[in-house]
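Trainee: Next up is a structure, given as structure tokens.
The values are calculated or read from the model by the stated rules, or taken from the named source; none is laboratory data. Since the structure is predicted, the reported quantities are computational estimates derived from the model, not experimental observations. Cβ placement follows ideal geometry from the backbone for every residue including glycine, while neighbour counts extend to all protein chains displayed.
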Amino acid sequence: MIKVEGLTKRYARTVAVDNITFEVEKGEIVGFLGPNGAGKTTTMRVLTCFLPPTAGTASVAGFDVLEKPLEVKKHIGYLPETPPLYPEMEVDEYLRFTGKLKGISGSDIDRRVDEVTGRCAIGDVRNKLIGKLSKGYRQRVGLAQAIIHNPDVLILDEPTSGLDPKQIIEIRELLKSLAGDHTIILSTHILSEVEHSCQRVIIINQGKLVAIDSVDNLTNRLRGSEAVAIEVEAANGRPNPTEVQQRLEQVAGVSRVVMRNSKDSRLSFEVESLQGRHIRADLARTVVQSGWNLSELKAVGLSLEDIFLQLTAGEEKARQENSVEAVTVSQEGAQQ
Amino acid sequence: MKNILLICQKELKSYFASPIAYLLMAFFGLIFGFGFYTATRDFVRFSFQAQMMGQQGPMNVNEQIIRPLLGFASTVALFLIPMITMRLFAEEKKTGTIELLLTSPITDMQIILGKWLGSMLLYLCVLAMSAINMAMLFAWGKPDLQPVLVAYLGLILQGGCLLAIGAFISTLTKNQIIAGGVTFFVCLLLWLLSWFTAFDSSASAQVVNYLSIVTHFENFGKGVLDSKDVIFYVSMIFFSLFITSRSMESLRWRA
Ligand SMILES: Nc1ncnc2c1ncn2[C@@H]1O[C@H](COP(=O)(O)OP(=O)(O)OP(=O)(O)O)[C@@H](O)[C@H]1O
Ligand SMILES: [Mg+2]
């Protein structure tokens, strides 16, 4: 349904999207995950024909975004990052306007407006001025606008931002009910968001594709690794921070050590493990054997930022280890 | 066509949802009323004097009231145009609603024509404020209708032209104030040029004069309908709307 090949988008100075390729099948819900400035919005803008690609191609429903923009736009419902609302209009009036803009005929419009106001739970503000709505309600009106013409493809840029927890759950339900005959791409920086709503995840960072995987695979991959907060205190005097860091890095299974804080005689670090490695016992032993006091050791959740580093750095390290193994295996083979 | 009218309708609604439409109409109505009052007062005084001096024959309402009055109106309208056009694109760029329009299945040209038409209708509403005073003239004097209609046609064409230029300027920035300021400056420049070139008969002055949107109004103001002037205005409108669409195109490539 959506096909992106070698897509690159360059602004005056920055390369916002750098040679990314992916496909989305009909009926899928795909999460587009990345930290701020990753290029999510930019990719979505190219898909919706708002911006032309610098290089590469993108097509939606079989129509190329550059060659057949009108056809592409007919198939897409789009919720931009900031909902495109006219504050001087009433909700009903706005939805009728956007519906007509997207080609709904006059006889269908009332039925469609009724339906989307129901689905997005904005029935109680239908006659209010949009300018007087709260942020969450605006977001929902924006969402209603995106689905008003019942499009094949929904492109939603951070659809749950500004919503309360109850609403987030309702939106998730809504998305699930839309899945099947609609293809949905939604962007977010919240990992759990993707876990709940999506079947597949596309992760990008600084314009580059980091991973495309099913949500199950990804969570399995990540569940194996852990992040540990550790606080070290010298038994006598102040320990040398670089020395402590080096020791911690040498512990087997550690992928990254970041110094968080040094206060008086205490030093705190955050340590991440490679996938499938449990490092807490080894860390504790190392600290104690080095003659320092272990004042705190606890598991912390991986943040999205950590996951990116994990995915990029982890793959790098895993590749190195694999090649080392490959070398030893081949040496063993030669000896036999 | 349906899409153009849809955009046009939306523009009109938002003009009338804010005080700007009413302010412009009230302002123009007052200024025009003031001009009307001065012109008729002078007219009455002069015709009274003429009678005292024994001169016969009625004085001409067309020549002495309507012509200067509508000339005055064309200058006033010149300075109201920026207030109408400044928000056309700049506001949508600022609030992000442009993203809705540009990702909907309608063409850039439909958006531009819709917006221009909307601004045109507001401009007509503003001009319509002169109707009361005009009606008084027709009830009291016996002016010729035809030159009045020609002058109004001139006002409409000149307005359409400047509105198209204003729309173009509004695509260049996110900032309404800048869009309005630059458009105001352009109108001011056109107005000043028409003053300077009026006393200059050199070739360059003639060229500037031809290109000046304001000077083409002069014939209309006299009640003379010259196809040259009409063609000039109509092609200026097309040209401005065309560069507006180019500007929107490049907006996508740049931003
Ligand atoms: N109009 C623009 N002009 C120049 N650079 C831009 C423009 N829009 C975005 N960028 C740059 O492109 C990069 C990607 O931006 P983009 O908005 O796509 O990120 P994002 O993934 O949507 O981030 P966020 O999570 O903050 O919404 C950023 O480095 C940003 O600074
Ligand atoms: Mg974004």
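Trainee: What helices (runs of 4 or more DSSP H) lie completely within the stretch A:72-172 and have 2 or more residues being within 13 Å of chain B (Cβ to nearest Cβ) and free of Cβ contacts under 8 Å to residues at least 40 places away in the same chain?
Mentor: A:91-101
Trainee: Sticking with this one: Which condition breaks for B:M120 when tested against (1) touching a Ser or Thr at 6+ places or on another chain (Cβ under 6 Å); (2) without any contact (Cβ under 8 Å) to a residue 60 or more places away in the chain?
Mentor: (1)
Trainee: Right, next: Inside the stretch B:1-108, counting only helices (runs of 4 or more DSSP H) that do not spill past its ends, which hold 3 or more residues that are of a type in the set (S, T, N, Q)?
Mentor: Ranges flagged: B:2-17, B:19-52, B:67-85.
Trainee: Sticking with this structure for a sec: Inspect the stretch A:59-80 for any residue being within 11 Å of ligand 1 (Cβ to nearest atom), of a type in the set (G, A, S), in the same structural domain as A:G162 (by TED's automatic domain parsing) and modelled with pLDDT of 90 or more and give the result as yes or no.
Mentor: No, because not a single residue in the stretch A:59-80 is within 11 Å of ligand 1 (Cβ to nearest atom), of a type in the set (G, A, S), in the same structural domain as A:G162 (by TED's automatic domain parsing) and modelled with pLDDT of 90 or more.
Trainee: Could you name every one of the helices (runs of 4 or more DSSP H) located completely within the stretch B:154-250 that has at least 3 residues being buried (at least 18 other Cβ atoms within 10 Å of the Cβ)?
Mentor: B:176-198, B:217-221
Trainee: So, one more: Test each condition in (1) without any contact (Cβ under 8 Å) to a residue 60 or more places away in the chain; (2) in contact with a strand residue (DSSP E or B) (Cβ under 8 Å, 6 or more places away or on another chain); (3) of a type in the set (D, E) for A:E67 and report the one that comes out false.
Mentor: It fails just one condition, (2).
Conditions (1) within 16 Å of ligand 2 (Cβ to nearest atom); (2) among the hydrophobic types (A, V, I, L, M, F, W, C), marked per residue:
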residue: A:V17; (1), (2): yes, yes
residue: A:E23; (1), (2): no, no
residue: A:K26; (1), (2): no, no
residue: A:A58; (1), (2): no, yes
residue: A:P83; (1), (2): yes, no
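Trainee: Within the stretch A:40-53, restricting attention to residues that are of a type in the set (A, V, I, L, M, F, W, C) and more than 8 Å from chain B (Cβ to nearest Cβ), which residue is farthest from ligand 1 (Cβ to nearest atom)?
Mentor: A:L47
Trainee: Could you please let me know if A:P53 is within 22 Å of the chain's Cα centre (by Cα), within 13 Å of ligand 2 (Cβ to nearest atom) and in the same structural domain as A:S177 (by TED's automatic domain parsing)?
Mentor: Answer is no for this residue.
Trainee: Quick check: is even one residue across the stretch A:122-131 away from ligand 1 (no atom under 16 Å from the Cβ), over 24 Å from A:Y94 (Cβ atoms) and touching a strand residue (DSSP E or B) at 6+ places or on another chain (Cβ under 6 Å)?
Mentor: No: the stretch A:122-131 contains no residue that is away from ligand 1 (no atom under 16 Å from the Cβ), over 24 Å from A:Y94 (Cβ atoms) and touching a strand residue (DSSP E or B) at 6+ places or on another chain (Cβ under 6 Å).
Trainee: Return yes or no: is A:S134 among the small types (G, A, S), more than 16 Å from ligand 2 (Cβ to nearest atom), surrounded by fewer than 20 Cβ atoms within 10 Å (Cβ to Cβ) and assigned by TED's automatic domain parsing to the domain that holds A:E28?
Mentor: yes
Trainee: Output the qualifying pairs, or none if there are none: Cβ atoms under 6 angstrom, residues six or more apart or on different chains, first residue in the stretch A:31-46 and under 27 Å from B:S104 (Cβ atoms), second residue of a type in the set (D, E).
Mentor: A:T41/A:E81; A:T41/A:D157; A:M44/A:D157
Trainee: Select from the stretch A:1-10 the residues that are under 27 Å from A:H182 (Cβ atoms) and not charged (D, E, K, R) and write down the one among them that is nearest to ligand 1 (Cβ to nearest atom).
Mentor: In this case the residue turns out to be A:L7.
Trainee: Considering A:G31, A:G56, A:G37, which residue is out of contact with any strand residue (DSSP E or B) (no Cβ under 7 Å at 6 or more places or on another chain), within 16 Å of ligand 1 (Cβ to nearest atom) and more than 11 Å from every other protein chain (Cβ to nearest Cβ)?
Mentor: Just a single option satisfies the conditions, and that option is A:G37.
Trainee: Across the stretch B:2-46, what is the number of residues that are of a type in the set (K, R) and under 30 Å from B:I106 (Cβ atoms)?
Mentor: Counting residues in the stretch B:2-46 that are of a type in the set (K, R) and under 30 Å from B:I106 (Cβ atoms) gives 3.
Trainee: Among the residues in the stretch A:83-103, are any closer than 22 Å to A:V30 by Cβ and within 16 Å of ligand 1 (Cβ to nearest atom)?
Mentor: Looking for residues that are closer than 22 Å to A:V30 by Cβ and within 16 Å of ligand 1 (Cβ to nearest atom), one finds at least one in the stretch A:83-103, hence yes.
Trainee: Examine the stretch A:11-26 for a residue that is within 13 Å of ligand 1 (Cβ to nearest atom), outside any strand (DSSP E or B), touching a strand residue (DSSP E or B) at 6+ places or on another chain (Cβ under 8 Å) and farther than 21 Å from A:E81 by Cα, and state whether such a residue exists.
Mentor: Within the stretch A:11-26 (the criterion being within 13 Å of ligand 1 (Cβ to nearest atom), outside any strand (DSSP E or B), touching a strand residue (DSSP E or B) at 6+ places or on another chain (Cβ under 8 Å) and farther than 21 Å from A:E81 by Cα), the answer is no, since none of the residues qualifies.
Trainee: Would you point out the residue of the stretch A:255-272, among those that are closer than 13 Å to A:E243 by Cβ and surrounded by fewer than 18 Cβ atoms within 10 Å (Cβ to Cβ), that is farthest from the chain's Cα centre (by Cα)?
Mentor: A:S262
Trainee: Restricting the search to the stretch A:28-50, which residues are part of a strand (DSSP E or B) and near ligand 2 (Cβ under 10 Å from one of its atoms)?
Mentor: Correct list: A:F32 only.
Trainee: Determine whether the stretch A:181-199 contains at least one residue that is outside any loop (DSSP other than H, G, I, E, B) and more than 19 Å from the chain's Cα centre (by Cα).
Mentor: Yes, because at least one residue in the stretch A:181-199 is outside any loop (DSSP other than H, G, I, E, B) and more than 19 Å from the chain's Cα centre (by Cα).
Trainee: To continue, here is another question. Determine whether B:T171 is closer than 18 Å to B:F238 by Cβ, touching a residue at least 12 places away in the same chain (Cβ under 8 Å) and touching a helix residue (DSSP H, G or I) at 6+ places or on another chain (Cβ under 7 Å).
Mentor: yes
Trainee: Does the stretch B:199-207 contain any residue that is of a type outside the set (S, T, Y) and farther than 23 Å from B:T75 by Cβ?
Mentor: Yes; the residues of the stretch B:199-207 include at least one that is of a type outside the set (S, T, Y) and farther than 23 Å from B:T75 by Cβ.
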